[in-house]
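Read the structure below first, then the notes.
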Amino acid sequence: MLKQLAVVAILCSGLMLDAQTNRTHAASPDAVCSFITGKMTSALQQVPTLCTGEKSLSGNLRINVFAAKNVFQTDLRRAWSSALFEAMQSIQKDKSQRDSCFVGSSKCIIEIADSNMAESGLHYRLILDDDWIGAVKSHGPDFSEDWYKLWWLELTLGKKADHSQSKESAESLAKIACDAYQKESEPWAHAFNRQIPTCSAMVATDEALVIVIDYDDFMLALEEGNARYVLESIGKTLDDTAYKGTVIIRSPWMKRDDGSETRIYKMYDLGGIEFAYEEFHSGTRSEVSAETLLSGDFRTIGQTDSNKFNDDASSQYIVREAPSPDGATFIDTSDGAEWKATAVSMARCPFAVGNSVYAMKAEKLIMFGYLGMESCQIDVSFVKGW
């Protein structure tokens with residue numbers, strides 16, 4: 001489910017302008033805010049929703065929407081966020097607001113927070129986009145489960161910190177999360193007379209964190225109950241942060257009858273973990289429902305075959321790089337795959353450890369990612385599962 005989508009959305013709004021004005025002038029930030037707060041107040045009078053906005057030099061409208069109560073971690077979570085999503089869609093429908101957010105090169109960029117997020121120095125950032133809203137609507141009617149989850153997916157992709165994050169902080173949080181996971185899983189491991197899993201940071205940067213949990217037993221790594229420990233330990237630890245990344249649960253390699261090797265390699269998106277944790281913590285879902293949500297919508301499978309590329313591998317992080325004698329570069333990615341990138345490609349796209357990349361089969365195997373704001377693509381060949 002997790003894909004690199006264009007970061008969605010924002011609110012905009014405005015008091016109704018006369019028809020001729022609508023044809024020639026976009027709504028002002030104040031008008032967009034009035035539209036939003038009107039929609040939100042009409043839907044949920046018990047939650048004061050505040051809004052400020054300004055127009056940037058580039059012509060974009062920057063809108064800040066603030067819930068004066070803790071809504072995302074309480075029983076108001078689904079109601080307030082659904083009202084927010086509906087308000088965004090209403091901007092697309094309303095002529096005066098649509099001109100501000102969807103017509104021409106200008107966009108509406110919205111930053112969203114509630115009182116709890118503000119205390120933690122966090123916010124969500126969305127950019128309104130016609131294609132995105134159309135895609136959401138195609139997956140179900142307003143307020144449906146799929147509609148709700150897709151909007152929240154875009155929120156998690158746009159989670160930002162108001163302060164600088166650091167590699168040292170990521171490493172420290174990984175240790176806290178790992179200690180908590182091992183404590184949660186210890187009774188279960190001992191019940192099967194097995195060692196508790198090892199846990200450590202595979203990648204830690206100022207922006208990304210990849211945690212790997214290694215079981216010494218194939219069946220224990222396969223067990224679906226692991227999702228509960230991920231929620232209760234890692235979800236709780238990282239909820240008030242904005243790191244992007246993955247939590248990996250893997251087993252040792254196991255030989256098949258034909259001599260090839262396979263293993264368990266489950267990957268949970270950090271944003272998905274935090275979403276499922278908050279759905280449970282707020283009372284929006286039961287613990288079982290949150291575990292099912294995490295395993296069903298935010299889990300992907302990494303490199304489970306030692307000799308063949310898994311076509312369904314998803315967005316990953318570069319873990320290691322090493323030079324090849326022929327001038328090429330060996331690249332290990334967090335999905336457990338090793339690649340060989342051509343020297344020409346690496347000169348064009350100097351990806352480094354910690355970069356987020358995506359490998360896929362087109363006419364040939366390629367790996368692409370972003371360097372700053374620019375996308376870049378390299379030619380690679382699959383080497384093996386590492």
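Bear in mind that the values in this text are calculations on the coordinates, not laboratory data. Note that the structure is a prediction, hence the values are computed from the model and not measured. Neighbour counts are summed over all protein chains in view; Cβ atoms, including those assigned to glycine, are modelled from backbone coordinates with ideal geometry.
Enumerate by residue number the chymotrypsin sites (Phe, Trp or Tyr not before Pro) in segment 95-192 meeting two conditions: DSSP loop (anything except H, G, I, E, B), and at most 11 other Cβ atoms within 10 Å of the site's Cβ. Numbers along the way, then the final one.
Numbers: sites: PHE102, TYR124, TRP132, PHE143, TRP147, TYR148, TRP151, TRP152, TYR181, TRP188, PHE192; in loops: PHE102, PHE143, PHE192.
In loop regions of segment 95-192 (DSSP not H, G, I, E or B), the sparsely surrounded chymotrypsin sites (Phe, Trp or Tyr not before Pro) are PHE192.
Hand me the tally of lysine pairs in segment 19-161: alpha carbons under 17 angstrom apart, and the pair either on different chains or 8 or more positions apart.
Values: LYS39/LYS93; LYS39/LYS95; LYS55/LYS107; LYS93/LYS107; LYS93/LYS137; LYS95/LYS107; LYS137/LYS149; LYS149/LYS159.
Value for segment 19-161: 8.
So which lysines can LYS364 reach, going by Cα to Cα under 25 Å and dropping same-chain residues fewer than 8 places off?
Cα-Cα hits under 25 Å: LYS3, LYS308, LYS340, LYS384.
How much net charge surrounds GLU145 when only the other residues with a Cβ under 13 Å from the Cβ of GLU145 are counted, with Lys and Arg +1 and Asp and Glu -1?
On the way: positive: ARG78, LYS149, ARG285; negative: ASP142, ASP146, GLU279, ASP297.
Value of the local net charge: -1.
For segment 316-385, what does the alpha-carbon gyration tensor say about shape, rounded, prolate or oblate, given a ≥ b ≥ c as the root eigenvalues, a/c under 1.5 as rounded, and a/b over b/c as prolate?
Because its axes are fairly even, with a/c under 1.5, segment 316-385 counts as rounded.
If you build the convex hull over the alpha carbons only and average its shadow over all orientations, what do you get for segment 19-161? Give it in nm² to one decimal.
Details: hull surface 34.3 nm².
Computing the convex hull of the Cα atoms and averaging its projections yields 8.6 nm².
With 10 angstrom as the radius, rank MET267, MET202, MET360, MET117 by how many other C-beta atoms surround their C-beta, starting from the fewest. Each step should come with its number before you reach the end.
Values: MET267 24, MET202 18, MET360 13, MET117 21.
Sorted ascending by nearby Cβ count, the order is MET360, MET202, MET117, MET267.
When only Cα pairs under 8 Å and 6 or more residues apart are kept, what is the percent relative contact order across the chain? Before the final figure, lay out the partial values.
Working: 803 pairs, mean separation 43.4, N = 386.
Here the relative contact order equals 11 percent.
Return the loop-located GluC sites (Glu not before Pro) in segment 182-232 (DSSP other than H, G, I, E, B) with at most 12 other Cβ atoms within 10 Å of their own Cβ; answer none if there are none.
Details: sites: GLU184, GLU207, GLU223, GLU224, GLU232; in loops: GLU207, GLU223, GLU224.
For GluC sites (Glu not before Pro) across segment 182-232 that sit outside H, G, I, E and B with at most 12 neighbouring Cβ atoms in 10 Å, the list reads GLU224.
On a straight-distance basis, which lysines could pair with LYS175 in a cross-link, Cα separation under 21 angstrom, same-chain partners fewer than 8 positions away excluded?
Here the lysines satisfying the reach criterion relative to LYS175 are LYS167, LYS183, LYS236, LYS244, LYS266.
For segment 124-249, restrict the atom set to alpha-carbon positions and state the Rg and Dmax in Å.
17.6, 55
Only Cα pairs within less than 10 Å get springs; with that Gaussian network setup on the chain, which residue of LEU57, LEU44, LEU84 has the largest fluctuation?
LEU57
Find, among the trypsin sites (Lys or Arg not before Pro) in segment 259-322, those assigned to loop by DSSP (not H, G, I, E, B) with at most 10 other beta-carbon atoms within 10 angstrom. Write down the numbers at each step before the final one.
Values: sites: ARG263, LYS266, ARG285, ARG299, LYS308, ARG320; in loops: ARG263, ARG285, LYS308.
Passing sites in segment 259-322 do not exist.
Mind putting together the pair-distance distribution for the chain? All Cα pairs, 10 Å bins, whole percent per bin, short to long.
With 10 Å bins starting at 0, P(r) equals 5, 21, 29, 24, 14, 5, 1, 0.
Quick one: which residues, 5 or more positions from VAL383 or on another chain, have an amide H under 5 Å from its amide H? H modelled 1.01 Å from N in the peptide plane, none for Pro or chain starts.
Sorted by chain and number, the residues that satisfy this are GLU338, TRP339, LYS340.
Excluding LEU50 itself, calculate the net charge of residues whose Cβ lies under 14 Å from the Cβ of LEU50, where each Lys or Arg counts +1 and each Asp or Glu counts -1. Walk me through the numbers before you get to the answer.
Working: positive: LYS39, LYS69; negative: ASP30, GLU111, ASP114.
Neighbourhood net charge equals -1.
Calculate the all-directions average of the projected area of segment 123-180's alpha-carbon convex hull, and give it in nm². If you can, show how the numbers build up before the last one.
Numbers: hull surface 23.5 nm².
Across all orientations, segment 123-180 yields a mean hull projection of 5.9 nm².
Tell me, what ³J(HN,Hα) does each residue in segment 49-56 have, in order and in whole Hz, if you take phi through Karplus 6.51 cos²θ - 1.76 cosθ + 1.60 with θ = phi - 60° and put x for Gly and Pro?
Working through the residues one at a time gives 10, 9, 8, 10, x, 8, 9, 7 Hz.
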